[in-house]
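For reference, the structure is listed below as structure tokens.
The values are calculated or read from the model by the stated rules, or taken from the named source; none is laboratory data. Note that the coordinates shown come from a computational prediction; the quantities given were computed from them, not determined experimentally. Because the Cβ atoms are built from the backbone with ideal geometry, glycine has one as well, and the counts that use them run over all protein chains shown. Ligands, DNA and RNA are stripped out before the accessible areas are found, and what is left, the full protein with its side chains, is counted by its heavy atoms. Shrake-Rupley method; radii C 1.70, N 1.55, O 1.52, S 1.80 Å.
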Amino acid sequence: ELETAFGVADADVCVDEVLEKGEFQLTVAERKKKIEEKQAQIINFIVKNFMEPRTNRNIPHDRVENGLKQIKGLKIDPFRATSTQALELVKKLKDILPLTKNEMEATVTVPVALAGRASGTLHSVAT
């Protein structure tokens, strides 16, 4: 039976192939819970990284959540990266809510003696 399905009779090789290439099924309740968790992560990402351009303040969670509900055909994949999905949804949300990305510009002056140690820290903070 294993040989017809996998081309190999060794059970360990078959298990490895299933773990590498296979997908597991979730119950409806588990899938719904994962989607709700992912939606909460997406909302937090948007609230953290975007603001309202008129007031330059963060947008409340409720407004982002209501905006997401207004998007037709909204599909949230519980297994895709939060940031990728959030950035895709922001493009659609801009039709509903005014959004601008939180950005900061700064100039940092560091003495030459500390430049080596400071560069690592600055690169980790500045993205």
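Consider segment 71-91. How many of its residues are over 27 Å from Glu30 (Cβ atoms) and open to solvent by 40 Å² or more (accessible area, probe 1.4 Å)?
Final tally of qualifying residues: 1.
Can you go through Glu105, Glu1 and tell me which one is open to solvent by 100 Å² or more (accessible area, probe 1.4 Å), without any contact (Cβ under 8 Å) to a residue 12 or more places away in the chain, over 15 Å from the mean Cα position of the chain (by Cα) and closer than 30 Å to Ala126 by Cβ?
Only one candidate qualifies: Glu105.
Would you confirm whether or not segment 28-45 contains a residue that is out of contact with any Pro (no Cβ under 8 Å at 6 or more places or on another chain), more than 23 Å from Ala86 (Cα to Cα) and open to solvent by 80 Å² or more (accessible area, probe 1.4 Å)?
There is at least one residue in segment 28-45 that is out of contact with any Pro (no Cβ under 8 Å at 6 or more places or on another chain), more than 23 Å from Ala86 (Cα to Cα) and open to solvent by 80 Å² or more (accessible area, probe 1.4 Å).
Determine which single condition Gly116 fails, assuming it passes every other condition in (1) of a type outside the set (Val, Ile, Thr); (2) within 19 Å of the chain's Cα centre (by Cα); (3) surrounded by fewer than 16 Cβ atoms within 10 Å (Cβ to Cβ).
All conditions pass for Gly116, except number (2).
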